[in-house]
Amino acid sequence: MNWIDGDIEGVGLEPLNRFEDERGWLAEIFRSDELTENQFPEMGYLSVTQPGTARGPHEHVHQTDRFAFFHGSYSLFLWDSRPSSPSTGCRAVINVGEDNPSIVTIPPGVVHAYRNESSFPAFVLNFPDKLYAGEGKRDPVDEIRHEDNVDHQDRQDSIYQM
């Protein structure tokens, strides 16, 4: 596929507002009165990524991810391969983390990966709207991996190279 740079339908990017005082800071990750139905989290997790390391690319068939990037510095890679999307064929790279604290909502079918650009291990929070491997971890994992997909090779080259 010939990818073009552009916005991707359904991807949300919101600033993560920090409320600071002499004790430190606080940031709201989500509020039920500000989420749409497909954004209500079913679980939450914290991951730590080593410097220069990438996670992904992959996509979900049913799951919406809601990442909170506020520690370290990350390059977030997105591309839309959904056939019925108005932004099919679009790709985007967004810098997120301490300098651009963000909540990023990624709908099903949008391929995504991120790379830690920091010189230290940095963490990310995610609050997906589906349980990993379903109730009791008895279902197949909702994930399509793209590490070896030639249609995404041009994006992968930039993901894995610093």
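The values are calculated or read from the model by the stated rules, or taken from the named source; none is laboratory data. Everything quoted here is computed from the prediction, not taken from an experiment. When we count neighbours, we look across all protein chains shown, and the Cβ atoms used for this are built from the backbone with ideal geometry, even at glycine.
A few points about this structure:
- Answer residue from region 71-81, given it is modelled with pLDDT of 95 or more and not in a strand (DSSP E or B) and is surrounded by the most Cβ atoms within 10 Å (Cβ to Cβ) among those: Gly72
- Candidates are the residues of region 1-58 that are aromatic (Phe, Trp, Tyr) and in contact (Cβ under 8 Å) with a residue 12 or more places away in the chain; the one that is nearest to Ile94 (Cα to Cα) is Trp3.
- Residue check: Leu16 meets all listed conditions (1) within 26 Å of Glu147 (Cβ to Cβ); (2) surrounded by 16 or more Cβ atoms within 10 Å (Cβ to Cβ); (3) under 16 Å from the mean Cα position of the chain (by Cα) but one, namely (1).
- The single residue among Pro86, Pro108, Pro128 that is part of a loop (DSSP other than H, G, I, E, B) and either closer than 21 Å to Phe70 by Cβ or at pLDDT below 95 (or both) turns out to be Pro128.
- The listed residues are Gly56, Gly97, and the only one of them that is closer than 24 Å to Asp5 by Cβ, at pLDDT below 95 and in contact with a His (Cβ under 7 Å, 6 or more places away or on another chain) turns out to be Gly56.
- Among the residues of region 1-13, those that are assigned to a loop (DSSP other than H, G, I, E, B) and at pLDDT 90 or above comprise Gly6, Asp7, Ile8, Glu9, Gly10, Val11.
- Identity of the residue in region 14-70, small (Gly, Ala, Ser) and not in a strand (DSSP E or B), that ends up farthest from Glu117 (Cα to Cα): Ser32
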